[in-house]
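Structure first, commentary second.
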Amino acid sequence: MLPVDGHIERRLAELPALPGVYIMKNSQGKIIYIGKAKVLKNRVKSYFDGSEHGGHRAASLMLPFIRDIEWIITETEEEALILEANLIRKHKPKYNVLLKDDKHFPYLAFSVGEPFPRLFLSRSVHKDDSQYYGPYMNSRVVSQLIDLSARLFHIRECKLKLPLAAPARPCLNYHIGRCDAPCAGLISQEEYRAKVEQARLMLEGKRDDLLEQWQREMEEASERLDFEAAGKKRDAIQALQSTGIRQKTDTSDPNLSLDILSIRRNGTLAAAVILEYRAGVLTGRRHYRLECRLEDDETEIFRQMVVQWYMEVPLIPAEIATDVALPDDAGPLQQALAEKAGRKVTFTNPQRGEKVGFLKLASANADMILVEMRAEVQKYSEIDGSVFELQKVLGLKKTPFRIECVDISHLSGTNTVASLVAFKNGRPDKANYRKFIIKTVSGVDDFASMREVMIRRIRRLEEEGTPMPDLWVCDGGKGQVDATMQILKELGHDQDLPLIGLAKRLEEIVFPDDRKSIVLHRTSPALKLLQNARDEAHRFAITYQRSKRKKDLEVEWLKMPGVGHETRVKVLSKYKSAEAFMAAPLEDIVDLLGKVRGNRLREQVAQYRPLGSDSNEETPAEPRSRHHDS
């Protein structure tokens, strides 16, 4: 027995020897695992007995986090199975295999509870009077079935709530032979209900039964010399037969109701493919991405995937054929599905015959999907996790894979420049850094400078056909953000270019709309990403501004005869202007350059300075590079 605390030990002693569902919780009371057992006492204790954790490899992962155990007793193992599936769907425990459907597959709903039923597309199954068929591969299949039902059975396509208080005027569908106009009272409920039953035969895959019925009706009409009715039945038979042309993917048994299920796995990634055969015809393919956060084998994935999927669908096939080993509880699982379906349901592992070929087709599809999943995971593994957290905290519709941030820098209103830094996948993308010399603004006007930079940047992106960044970060508070948003509106990009500001005083994230600003915890990866972008833009701007200033200073007073590179470096490292150099005490210059070179350079600078300047005027201390921070 592995060492456990007193509370867990008491809970283990209280476990009943009955079937049911057990629930594992962590120290915060959050459910981390849900399982079912034929005998709760034996199953749950197996996690703590130290012998391979009862054959459950997930236990080694979650055992250190279990702080409480609860259970729900059921009468049978089948009831426990159903309850387990429902609880997993509701709570989504961390250490259970979670099924993730790629999308909401469409269903075909038949409102059989209405006096005059209609067919319509539905994205989910509701507890109402309608009968649901599917799910289907896409909405196009549903549309085709609705169209076929209108042509063959005259099932209405309108949304009117029938019967009406007063007869209405028949619509176009009546005149082109797609509806019998129940809205106008031109067909009784009994006659319409007969057509509904025929449509249900087709939708349930009982095509042969329907064809046999129509063949009989055609012959009877012919014997009555009602050749018009016989011709309509003939046309309907031909139309229905044309929808069931056998393909090489179809089965040899025209009445077979079968699902082919294949699972492929690589590490923690798994893909499942279901090929659905109804009335011997392949009617659709569904594929799923399985989120495997524990080291279960394919058998366990199959078990949990089956209970999560088939407990939801309205129609369960008579047979589910798979290429994975059947779980130990295959019997109770089949019994649970049979009770829901109202008939026998079996699992099989085909070893020969045409079903083996169908399994190969399904496994090939699963392999293809798994390759795509691995490629996607590899792509996302290169992305810093802070990017996804930033999307979450900002409520962005699109993941900010590419972030751009601009910074303005100047020296007392002169040498104004701007820097643009780009972050890709949460990391600096230095190949897309850009420098800007502000051309249209004089003096200190950061708003006008930002306007110029954004106009130039966005127009360049438009000319190059390059997508806009996923997020634009403005260094500043509400004023800067609102001004920047106004620029985006003028340029027509206020909808496709998300904008936020980062105010430096409180590291407050500011939004351009009416949303309240937020302050993230100082350890938040999302905040650190924004700070990195802001600080990198500041560093890049200051570096560019200083290099430009040095270049200008060199042009002004350090490119004189007799002043070499070494002297320039020494002077510029300490004095940033001619005024600062002339105002420095003589002894400091002597310490820096020596008495002879210092005096000679000082005389040269004094002669080079513009007329009207007083070399003996006392100047303030070295000016600092001014950078606007909110």
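The values are calculated or read from the model by the stated rules, or taken from the named source; none is laboratory data. This structure is a prediction, so every number in the text was calculated from the model and none was measured. Note: ideal-geometry Cβ built from the backbone for every residue, glycine included; neighbour counts use all protein chains shown.
Can you confirm whether segment 555-562 contains a residue that is under 22 Å from residue 443 (Cβ atoms), part of a helix (DSSP H, G or I) and modelled with pLDDT under 75? Yes, the conditions are met somewhere in segment 555-562. Taken over segment 333-364, the criterion of being buried (at least 16 other Cβ atoms within 10 Å of the Cβ) and assigned to a loop (DSSP other than H, G, I, E, B) is satisfied by 345, 350.
Exactly one residue out of 421, 473 is of a type in the set (Val, Ile, Thr), crowded, with 21+ Cβ neighbours inside 10 Å and over 19 Å from residue 398 (Cβ atoms): that is 421. Hey, any hits in segment 479-496 for a residue that's within 19 Å of residue 420 (Cα to Cα), within 23 Å of the chain's Cα centre (by Cα) and hydrophobic (A, V, I, L, M, F, W, C)? Within segment 479-496 (the criterion being within 19 Å of residue 420 (Cα to Cα), within 23 Å of the chain's Cα centre (by Cα) and hydrophobic (A, V, I, L, M, F, W, C)), the answer is no, since none of the residues qualifies.
Scan segment 175-192 for residues that are under 22 Å from residue 109 (Cα atoms) and surrounded by 15 or more Cβ atoms within 10 Å (Cβ to Cβ) and the total you get is 7. Considering every residue within segment 320-339, establish whether at least one is closer than 20 Å to residue 107 by Cβ, of a type outside the set (Phe, Trp, Tyr) and touching a residue at least 40 places away in the same chain (Cβ under 8 Å). Yes, segment 320-339 has at least one match. Can you find even one residue in segment 33-52 that is at pLDDT below 80 and either under 18 Å from residue 303 (Cβ atoms) or crowded, with 20+ Cβ neighbours inside 10 Å (or both)? Looking for residues that are at pLDDT below 80 and either under 18 Å from residue 303 (Cβ atoms) or crowded, with 20+ Cβ neighbours inside 10 Å (or both), one finds none in segment 33-52, hence no.
Restricting to segment 321-369, what's the tally of residues that are of a type outside the set (D, E, K, R) and within 16 Å of residue 303 (Cα to Cα)?
Residues of segment 321-369 of a type outside the set (D, E, K, R): 321-322, 324-327, 330-338, 341-342, 345-351, 353, 356-359, 361-366, 368-369.
Checking which are within 16 Å of residue 303 (Cα to Cα) leaves us with 321-322, 324-327, 330-338, 345-349.
Going through segment 321-369 one residue at a time, the tally reaches 20.
Of all residues in segment 189-205, those being touching a residue at least 40 places away in the same chain (Cβ under 8 Å) and among the aliphatic types (A, V, I, L, M) number 4. The residues of segment 1-30 that are surrounded by 15 or more Cβ atoms within 10 Å (Cβ to Cβ), more than 10 Å from residue 67 (Cα to Cα) and hydrophobic (A, V, I, L, M, F, W, C), listed by number, are 12, 15, 18, 21, 23. Residues in segment 319-344 that are touching a strand residue (DSSP E or B) at 6+ places or on another chain (Cβ under 7 Å) and either over 30 Å from residue 43 (Cβ atoms) or not charged (D, E, K, R) (or both): 320, 321, 322, 324, 326, 330, 334.
I need the helices (runs of 4 or more DSSP H) fully contained in segment 116-231, keeping only those with at least 2 residues that are over 42 Å from the mean Cα position of the chain (by Cα), at pLDDT 85 or above and over 28 Å from residue 278 (Cα atoms). Break it down stepwise before answering.
Details: elements: 139-153, 172-175, 189-203, 207-223.
Hits in segment 116-231: 172-175, 189-203, 207-223.
For segment 394-445, filtered to residues that are hydroxyl-bearing (Ser, Thr, Tyr) and under 36 Å from the mean Cα position of the chain (by Cα), the residue that is modelled with the lowest pLDDT is 399. If you go through segment 438-468 and keep only what is out of contact with any strand residue (DSSP E or B) (no Cβ under 6 Å at 6 or more places or on another chain) and not in a helix (DSSP H, G or I), you end up with 439, 440, 441, 442, 443, 444, 445, 465, 466, 467, 468.
With the structure loaded, tell me whether residue 70 is surrounded by 20 or more Cβ atoms within 10 Å (Cβ to Cβ) and modelled with pLDDT of 80 or more or whether it fails that test. It is false that residue 70 is surrounded by 20 or more Cβ atoms within 10 Å (Cβ to Cβ) and modelled with pLDDT of 80 or more.
Within this structure, residue 471 passes the test of being within 25 Å of residue 522 (Cβ to Cβ) and in the same structural domain as residue 535 (by TED's automatic domain parsing). Taken together, the residues in segment 456-477 that are on the phi > 0 side of the Ramachandran plot and at pLDDT 90 or above amount to 0.
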